[in-house]
Amino acid sequence: MEILKAFFEAIGGTINWTWQSIIFQVPWYENYFWGLIVISFVVWGLEIIFPWRKDQPIIRKDFWLDAFYMFFNFFIFAIVISGFYKVLELGFANLGIHMDSLAIINLESLPNWLQLILFFVVLDFVQWFTHILLHKYDVLWQFHKVHHSVKEMGFAAHLRYHWMENVLYKPLKTFGVMILGGFEPEQAFIVHFIAISIGHLNHSNIKLTYGPLKYIFNNPVMHLYHHAYKLPRGTYGVNFGISLSVWDYLFRTNYIPEESGTIELGYSGDEEMPKNFWGQLVYGFGKRKEKSGV
């Protein structure tokens, strides 16, 4: 009974927080709902004013599908899964595993700004590594195909991904926090909004490279080649960076042969991907016909 109570309380709490966000009853800097909307409109506006691929429509292919995915993955699915995460948390606690069980770095003595940077860097590395797994292993690639079925790139494509990716990413991000001694700074909302902004820009129809900072931050030119239909022979993917590009340059998974922005997107066999949300919702659980990656 205690587990069921915790399960439904977690779901109820997430629903309440989401509703309070919608009606502006949470601090503006923690309002992820309206924050996502504001960031989306800003980046979309930049796409309209400074389009990289000038022949691409403002309402591009699958624009509304991707817009729905933004709210599904960030809010609807978060509500559905919150109860399960709470049950897992209780289960680990009963086994004596807590947020500080794997701590190898103590950030408490560091200045707030440095804590925030280290928090951002560690979580980004965990996501970069997870992203590689999604491409390397066929069982995971089947789900990640949903994201790579995008045929025209735009900001909202950032959050078109299969719900199973949430199931994989969340525990590994939690692992990253545990390495930091279970530490999550009060200013974590800054990391959240920066990551959303960078992700939106990376998928946008805007040509940005950031000059010498391209070796640190991921960018639209670099990320477009991550979605390229044709990849370098013998690879299962390139440019895996989420917010930071530095991991790709360090581990030599970077690849930018040119910057025209006119390449074909997708993957071999992408015509078999269902065109609607409900078909994509269950995609990846059926028979697998090909190897991962290219």
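Every number here is computed from the coordinates shown, using simple stated rules; none is lab data. Quick caveat: nothing in here was measured; it's all calculated off a predicted structure. Ideal geometry is used to build each Cβ from the backbone, glycine not excepted, and the neighbour counts take in all protein chains shown.
Observations on the model:
- Relative contact order (%) - criterion: Cα under 8 Å, at least six apart; region: the chain: 23
- The ranking of Glu47, Glu108 by Cβ neighbour count inside 10 Å, starting from the fewest, reads Glu108, Glu47.
- Once divided by 2.2 N^0.38 Å, the Cα radius of gyration of the stretch 124-215 becomes 1.20.
- Between amide H atoms placed 1.01 Å from N, distances below 5 Å from Leu244 occur with Asn218, all of them 5 or more places distant or on a separate chain.
- Amide H contacts of Leu265 (H built 1.01 Å from N, under 5 Å, at least 5 apart or other chain): Tyr229
- Glu264 sits among other residues whose Cβ lies under 9 Å from its own Cβ, and their net charge, with Lys and Arg +1 and Asp and Glu -1, is +2.
- Distance between the 7 Å Cα→Cβ label points at Trp19 and Trp64: 2.8 nm.
- Restraint check, Lys145/Lys173; Lys5/Lys275; Lys61/Lys214; Lys86/Lys230, Cα-Cα greater than 32 Å: Lys5/Lys275; Lys86/Lys230
- Phi-based couplings in Hz for the stretch 160-174 (Karplus 6.51, -1.76, 1.60; Gly and Pro marked x): 7, 8, 5, 4, 5, 5, 4, 4, 7, 5, 4, x, 6, 5, 4
- Of the three principal axes defined by the Cα atoms of the chain, the extents in descending order read 54, 44, 42 Å.
- Karplus 3J(HN,Hα) series, Hz, for the stretch 128-136 with 6.51 cos²θ - 1.76 cosθ + 1.60 (x for Gly, Pro): 4, 5, 4, 4, 4, 4, 4, 8, 7
- Listed values for the stretch 34-42 are Karplus-derived 3J(HN,Hα) couplings in whole Hz (6.51 cos²θ - 1.76 cosθ + 1.60, θ = phi - 60°), namely 6, x, 4, 5, 4, 4, 4, 5, 5, and x replaces Gly and Pro.
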